[in-house]
Amino acid sequence: MSSNIKRKTTDLFLQGLTYLASSISLITLLSIIVFVFGKGYKLINFQLIINDYESKGYVAELQHGSQFCNCDAQMDFEDGTYYSRRWGIAFSDSIDLLGKNVVEVEYVSPFSPFRALQDKGIGTEPILMRTDYTIIRIAFDDKPSALSRDGAQIMANELDNSDSFREIEFKTTGGGIRGSIITTLYLIVLTLIMAIPIGVGAAVFLNEYAPINRFTRVIRSLIETLTGVPSIIYGLMGLAVFVPLTVQLTSATGGNIISGAMTMSVILLPIIIRTTEESLKVVPDEYRQASLALGASRTQTTFKVVLPNAIPGILTATLLAIGRIIGESAALVFAIGASIKDNISLTGKSTSLAVHIWTMMTDEPANIELSSTIAIIIIFIVLLLNIMIKLLSARFMKRKLGM
Amino acid sequence: MEISQQTANTRKRRFFDNLMRGVFLSAAVVSASFIFVIAGIILVEGIIPFVTDNQGVGSVDLWKFITGATWLEGVTFYSNLYGVGFIIVSTLYIALLSLLVSFPIGVLTALFIAKVAPKKLAESLRTVVEILASVPSIVFGLFGSGIILKLVYDFSNLFGYQSKGGNSILSVVLVLAIMTIPTITAISEVAIRSVDKAIEHGSLALGASVTQTNFKVVLASAKSGIFASAILGIGRALGEATAVSLVAGGRRSGFSFDILDTTSTLTSIMLEGMKETVGIDYNIRFSVGLVLMVVILLTNLVLNAIKRKVGNVHVK
């Protein structure tokens, strides 16, 4: 009897252990999501996607002949926003990413002279004052400058009480990820253009043409071995093979998007080959025989019968590839570089979204907020891709069973 | 006339078929050849520091490199005194510790999903594991840097230990463990599922309880697959770079097994500020890469040998 009780307690204990272990996965996922959303949600807005990362400083003056406008605002302002009617511009107090108090532009009237300012530096183009730019100081001819540390109200009042000002120093909004988004998109497109044809071609050979012999087995196991190579090793290969290659062939001088895409292609080949092959395997042999019996050639059969039936598999491979490209960091640090850029060119250095996070986190001080915002974007895309893959394979399975 | 037209057509078609076959074949050969490109280039570039005098700096001593306790003595570009001995040790130590954390958790989770949990719960937990598996490593690094470093810092403070902002072996181990749990869970679950039902029924018929059967019979029968998941897990732990580099702390010298000490791994040292694209500072990274590949290869060989020793129970 007592041994029975002992057995029951042991069973309960062991069962409890499995519950405990499983809860850890759940807790980890939840805490990651809570963490990135908690840190990153503040910065999520549309501006983030279209803004530059580098914030640029300007010193500007009124354009020759332009004057204050005495224009009414075409909107109502919240408390804490101060409008200078004379100049048609509104300021508010704000805090920047580093936690400093700054004065931000809230609104610029369409008739305001701030719509076209003269750059006092080397630029000749008129510069536009936009909302979300931060004002550093406004210098007047006849009184002390209005500084950002005085706050928005004083700055608006000082400006409103003056007929002219000598110069204004301001900064464009930084902290945007437009550059990294463009780089990531370029990477995805270029990589897929290179990797999908080679990968699908290899899968077609292995499944449709390859004789069952030693040679095929060796090819297969060599491709399989690629999956075990850590991505940083791929990065080293990109650095030593593809970077010099692109430097030779293009105007690039170092790591660039093309060399990055080539490196990603190699990483993705085994994944694309395996996924495509799996979908080729389930195309029934009767299809091939019917096509050949109708007089179609081998090539026609492959392109018109086999491949169209394998499209869900190729699509799945593409989605998997996109997910991997978005998440990859170590290989790209070597193959492209880790400097965040705003002007993206295919032959220049830049960062993908994942490497953008890495660069900011290795900087001093680390920018956890913006990193988390990018992480939210990455997780969101990866989730979306996962759902699409699930739906795709569900449809595929249905078709298979329907036959 | 008609017949010769037909043979010409057939010949043309056969030629085209052979051409396409050649195209597909070359795609396969190109894909397969990259493993040689990788191995070759790492070998060639990685061996340069040992066999040349590195533009006057002097060649690196292979034995000192492998056993050294300081990453670099002297000034970058002017010194050949590189050593990764302490990093090899810490890399293996970290991989082992992270497996010690992730293996039991991963296997028990797999058992829970496959055998213990009600169907709905199992289904949603499987989704959770899948999502975790698809989260990119840099996000785990960010999480580690934002949360785990803080926890470890507070934890070490409890013992009156000033850790360097939490950057430590423990942090790396935890980050790697949560990264490898989904891998281990997914593969172990497949192994557990494929255990022959007859074995289970036999155990139950002999009077063992369901839990006893799960732990003593099912797990034992699936041990080959479970072991395979551990091999994959340790491979992932050895090769992970960016996430580790965010929480390791960048140790430059000295063997240490203290889990609250800063550390470096073979991957994290490779990521540390590369300034040039020529010379010893560039090539030494390939040497580290070479060491990493050898370490991974040897680990795999040893584990596979153990796996064979452990033996297989017949599974369907």
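The values are calculated or read from the model by the stated rules, or taken from the named source; none is laboratory data. All values derive from a computational prediction rather than experimental measurement. All Cβ positions, glycine included, derive from the backbone under ideal geometry; neighbour counts span all protein chains shown. Just the protein is used for accessible areas: all its heavy atoms, side chains included, with ligands, DNA and RNA removed. Shrake-Rupley method; radii C 1.70, N 1.55, O 1.52, S 1.80 Å.
Quick notes on this one:
- The charge dipole of the range B:2-46, taken about its Cα centre with unit charges on the Cβ of Lys, Arg, Asp and Glu (plus for the first two, minus for the last two), comes to roughly 280 debye.
- When the Cα positions of A:Ile232, B:Val244, A:Pro197 are compared along the charge dipole of the protein assembly as shown, A:Pro197 comes out farthest toward the positive end, with charges on each C-beta of Lys, Arg, Asp and Glu.
- Size of charge dipole - the protein assembly as shown - debye, nearest 20, with Cβ of Lys, Arg +1 and Asp, Glu -1, no other charges: 4080 debye
- Longest to shortest principal axis, alpha-carbon extents of the range B:85-312, angstrom: 67, 39, 30
- Percent of alpha-carbon pairs separated by more than 41 Å within chain A: 40 percent
- Per-residue extension of 0.36 nm, minus the Cα-Cα distance of B:Val37 and B:Ser224, leaves a gain of 64.1 nm for this segment.
- B:Asn300-B:Phe15 FRET efficiency (beta carbon distance; Förster radius 51 Å; 0.05 resolution): 0.70
- Here the range A:1-153 is described by how far its Cα atoms reach on the three principal axes: 102, 35, 29 Å, from widest to narrowest.
- Dipole of the range B:2-46 computed with +1 at Lys/Arg Cβ and -1 at Asp/Glu Cβ about the Cα centre; of B:Gly46, B:Phe34, B:Gln5, farthest Cα towards the positive end is B:Gln5.
- Taken as entire DSSP H runs, the helices of chain A that both span 30 Å or more between Cα atoms along their own long axis and average -0.5 or more on the Kyte-Doolittle scale are A:2-40, A:178-204, A:257-281, A:368-402.
- Dimensions in Å of the range B:244-298 - Rg and Dmax from alpha carbons: 12.4, 36
- Largest-first ordering by accessible area, 1.4 Å probe, given options A:Ser221, A:Ser251: A:Ser251, A:Ser221
- Using a probe of 1.4 Å on the protein chains alone, the accessible area found for A:Tyr287 is around 80 Å².
- Measuring only protein heavy atoms, the 1.4 Å probe finds B:Phe36 accessible over about 130 Å².
- For A:Cys71, the shell of other residues with beta-carbons less than 12 Å away shows a net charge of +2, using +1 for Lys and Arg and -1 for Asp and Glu.
- Accessible heavy-atom area order of A:His64, A:His356, highest first, probe of 1.4 Å: A:His64, A:His356
- Average partner coverage of B:34-46, which counts Cβ from other chains inside 10 Å: 5
- Over 27 Å between alpha carbons, listed pairs B:Lys115/B:Lys223; A:Lys281/B:Lys120; A:Lys42/B:Lys164; A:Lys42/B:Lys150; A:Lys171/A:Lys349: A:Lys281/B:Lys120; A:Lys42/B:Lys164
- Unit Cα scatterers, Debye sum, the range A:1-57: log10 I(q)/I(0) for q = 0.25, 0.29 Å⁻¹: -0.97, -1.05
- Among the residues of B:279-289, the average count of other protein chain beta-carbon atoms within 10 Å of the residue beta-carbon is 2.
- Listed residues A:Ile32, A:Gln47, A:Ala139: farthest to the positive end of the dipole of chain A (Cβ charges): A:Ile32
- Cα convex hull of the range A:266-343 - mean projected area over all directions, nm²: 7.0 nm²
- Compactness of the protein assembly as shown, expressed as Rg and Dmax over alpha-carbon positions, Å: 30.6, 104
- Radius 10 Å from Cβ of A:Lys56, net charge of other residues (Lys, Arg +1; Asp, Glu -1): -2
- Pairwise FRET efficiency - B:Ala205 versus B:Leu121, Cβ, R0 = 25 Å, nearest 0.05: 0.35
- For the range B:37-182, a simple Cβ point-charge model (Lys and Arg +1, Asp and Glu -1, everything else neutral) yields a dipole of about 700 debye relative to the Cα centre.
- Between A:Glu224 and A:Asp11, the modelled labels are 4.1 nm apart [label points 7 Å from Cα along Cα→Cβ].
- The figure for A:Lys56 is an accessible area of roughly 110 square angstrom, using a 1.4 Å probe on the protein chains alone.
- For the range B:2-46, the equivalent ellipsoid derived from the Cα gyration tensor has semi-axes of 43, 6, 4 Å, listed largest first.
- Legend: residues A:Thr9, B:Thr267, B:Thr67, A:Thr253, sorted from most to least accessible area (1.4 Å probe; ligands, DNA and RNA excluded), read A:Thr253, A:Thr9, B:Thr67, B:Thr267.
- In this calculation the C-beta distance from A:Asp119 to B:Val23 is compared with R0 = 60 Å, giving a FRET efficiency of 0.60.
- Near B:Ser163: Cβ cut-off under 15 Å, other residues only, Lys/Arg at +1 and Asp/Glu at -1. The net charge is 0.
- Residue mean of other protein chain beta carbons inside 10 Å, A:31-43: 3
- Pairwise label distance in nanometres, A:Leu128 with A:Gln47, each label 7 Å out on the Cα-Cβ vector: 1.5 nm
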